[in-house]
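Working notes for the structure below.
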Amino acid sequence: FQNEINEVPFFDIQLPYELALKIFQYLGKTELGRCAQVSRTWKVLAEDEVLWYRLCQQEGYPLDTSISDHSCWKLALKNCRARERTLKTNWKVKGNFFNGIQMLWKNGNLVQASGGEKYTSGEVRLWDTRTWDYTAPILEPMHGPGDAGPQPHVSFVRINSSLAVAAYEDGTISVWSLMFGREPIHRYQHNQRIQALALGSEGATVATASGFEVKVESPNDRGVWQTTETFEIQKLVNFLNLVPDVMGSPVTVAAAEDIVYLLKAEDPGKILHSVYGQPVTCLDVSAHEAAFGVKTFGWLLNEPNQILLYNLETSQCLKKMGNSIGDFTCVNLQSSPPNMLVTGNKDRRVRVFDLRKSESLCSLYAHQLGVSAVQMDDWKIVSGGEEGLVCVWDQRMGTKLWEMHARHPVRHIWFNSHSLITANIPDEKNPRGASIVDDDLTVHHKHRGIIYAYEFSVDQLAGESVLPICRSSYDEMTGYNYNIGLAVPYDNI
């Protein structure tokens, strides 16, 4: 029953409530819980909504909320921490949290298997993993006047929070809005096959590479799509990325054999890195840096394969990391924690680097063939290999939590706090047999790739072999049947 004008007993003096509240702002959860047991006055002070709202903000819980959104921020913090513990537990004990979508690659097209009997014709499809809608809608292409006949094969697909983009073998690019139906909102054409496709992580910017040309497309202020920039380069592009969080004109990083270009409107042909005889093997960019692997051969055999880190503002090489005989096959910088990146190598190892140092923090070995895809967050690493194995690691302990195996190489990995998507895509996309029966692709189970969708936010404990005594949350006030629940006078948080 205190307010700002009441005085709070603070040992041998009386302090105004507002001043006492400022002192309590320096305390953490445990200290506030102890202070709440001193007296009724201190309990009211220690449970002030301002204090617990600040603790929620410090721990990263809903940052886009105001203090008036919850009536009890202490309970909100407790619930958020409980959900986080459940997520981490579910990540560590995979159990049955996944669903699979079987796919068939038929003449280069991705075909969805329906009960093992019927197949679609290979259109671009969109799945909503929030509702597990596996009867995915077809994203229709925009047909031109001379587009009669079968649809060309799809080379690349990309998606962000608002757009989906597909590049076709004939050089056509179609852009769909995720909010306005299945018809594309934009379509443009290259004269040659598309070699690389990039879509901005946010917003509406698409970059494509075809032949010796890189084209950037985005809508203007009126929503009309147009070609923002066109760049002419010297070699064929292998990797293409749009720099995220750029104000003004889009910035593109392109790796063309042994040259890395930084493509800006004011400096269209700037070379970020070029060493003859050292082709780039992987590329990723963040808002201010670019990381890529280089391969050495020929007279440079005495030099190891490395990951180079460049500053995009100064165009200077910041770090040379790694000392590997094998080629670096994948690198993830954009979604890694600050000052960290994770890489995969043909020597079958996953390496985590601290950008403030040159040596690796940890080296994990689990794949029989090369590593093909990696991603990490602040405590775990997910890696995929050419042999089809997906591994989830505890990064701090350096131990494998669980693994999942499919027949074909892992080509795609993406996860956030509660979901994981992996895709196993076969190397041979044109299966052919020796007889008429073999040519019926419905019997080619070994040629089917698969997409796994894992959802870990389910509030359940996987693995019935875990004893109840090991599953206790200590929230119960009584203990029976070996399910220990401690009754303590301390604060519940």
Of the candidates D258, D267, D284, the one satisfying the condition of being within 26 Å of the chain's Cα centre (by Cα), of a type in the set (D, E) and open to solvent by 10 Å² or more (accessible area, probe 1.4 Å) is D284
Residue by residue through the stretch 344-364, note down the ones that are part of a strand (DSSP E or B), open to solvent by 70 Å² or more (accessible area, probe 1.4 Å) and not aliphatic (A, V, I, L, M).
R349
Taking the stretch 178-197 and keeping only residues that are open to solvent by less than 10 Å² (accessible area, probe 1.4 Å) and within 23 Å of the chain's Cα centre (by Cα), one is left with A196, L197
Quick one: is L341 in contact (Cβ under 8 Å) with a residue 24 or more places away in the chain and either farther than 14 Å from A291 by Cα or open to solvent by less than 20 Å² (accessible area, probe 1.4 Å) (or both)?
yes
May I ask you to say which residue of L308, L318 is open to solvent by 10 Å² or more (accessible area, probe 1.4 Å) and assigned to a strand (DSSP E or B)?
L318
Just name the residue that is farthest from V157 (Cα to Cα) out of those in the stretch 202-254 that are crowded, with 16+ Cβ neighbours inside 10 Å and of a type in the set (S, T, N, Q).
T228
Note on the stretch 158-177: residues part of a strand (DSSP E or B) and either modelled with pLDDT under 80 or open to solvent by less than 80 Å² (accessible area, probe 1.4 Å) (or both) are L163, A164, V165, A166, A167, Y168, T172, I173, S174, V175, W176, S177
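Going by what's in this entry, would L77 be described as at pLDDT 80 or above, in a helix (DSSP H, G or I) and under 26 Å from the mean Cα position of the chain (by Cα)? Before you say what the answer is, go through the steps one by one.
Working: at pLDDT 80 or above: yes; in a helix (DSSP H, G or I): yes; under 26 Å from the mean Cα position of the chain (by Cα): yes.
Yes.
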Answer with yes or no whether N424 is under 23 Å from V243 (Cα atoms) and under 17 Å from the mean Cα position of the chain (by Cα).
no
Which residue, of E4, E59, E49, is out of contact with any strand residue (DSSP E or B) (no Cβ under 8 Å at 6 or more places or on another chain) and either modelled with pLDDT under 85 or open to solvent by 80 Å² or more (accessible area, probe 1.4 Å) (or both)?
E59
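The values are calculated or read from the model by the stated rules, or taken from the named source; none is laboratory data. All values derive from a computational prediction rather than experimental measurement. Reconstructed Cβ throughout: ideal geometry from the backbone, glycine too, with neighbour counts over all protein chains shown. Note: accessible area is taken over every heavy atom of the protein model, side chains too, but ligands, DNA and RNA are not part of it. Shrake-Rupley method; radii C 1.70, N 1.55, O 1.52, S 1.80 Å.
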